[in-house]
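Contents: one structure, followed by commentary.
The values are calculated or read from the model by the stated rules, or taken from the named source; none is laboratory data. Note that this is a predicted model, so its numbers are computed, not measured. Please note: Cβ atoms are built from the backbone with ideal geometry, for glycine as well, and neighbour counts cover all protein chains shown.
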């Protein structure tokens, strides 16, 4: 059978990643706030017709590069960020030979939900 994803997580594999995922999500949210702050500052400088090179641009680029590095970790592992602010993630998995997503949100202690590939969060069901 041909599957859409190369990697399929067991519940235990996804659960073992939770501490690292919490750290990465925290870093992404911090960097997102930084980039928004730098972008606001830069847009104000552009609107005033000022030169906007220098430290602000360098910091903005560093924050973007930091975000890209963390996002590559998710991509490399085929873990999908569905909502960054909520920390909502999907992990490809197999249940009964069917490809599904294990679904975890950062305020949950354990990976205990799944949904099919099309239904999303609204179709979450508790793992048996």
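A few points about this structure:
- Considering region 35-54, and only residues there that are in a helix (DSSP H, G or I) and surrounded by 13 or more Cβ atoms within 10 Å (Cβ to Cβ), the residue that is modelled with the highest pLDDT turns out to be 35.
- Flag if residue 2 is out of contact with any strand residue (DSSP E or B) (no Cβ under 7 Å at 6 or more places or on another chain) and in a loop (DSSP other than H, G, I, E, B): yes
- With respect to the conditions (1) in a loop (DSSP other than H, G, I, E, B); (2) under 23 Å from residue 4 (Cα atoms); (3) touching a residue at least 24 places away in the same chain (Cβ under 8 Å); (4) out of contact with any helix residue (DSSP H, G or I) (no Cβ under 6 Å at 6 or more places or on another chain), residue 111 falls short on a single one, namely (4).
- Qualifying position, being at positive phi and at pLDDT 95 or above, among 87, 120, 96: 87
- Scanning region 18-34 turns up one or more residues that are surrounded by 15 or more Cβ atoms within 10 Å (Cβ to Cβ), farther than 30 Å from residue 5 by Cα and more than 13 Å from the chain's Cα centre (by Cα).
- In this entry, residue 93 passes the filter for residues that are surrounded by 15 or more Cβ atoms within 10 Å (Cβ to Cβ), closer than 19 Å to residue 6 by Cβ, in contact (Cβ under 8 Å) with a residue 24 or more places away in the chain and over 14 Å from the mean Cα position of the chain (by Cα).
- Region 114-123, residues that are in contact with a strand residue (DSSP E or B) (Cβ under 8 Å, 6 or more places away or on another chain) and part of a loop (DSSP other than H, G, I, E, B): 117
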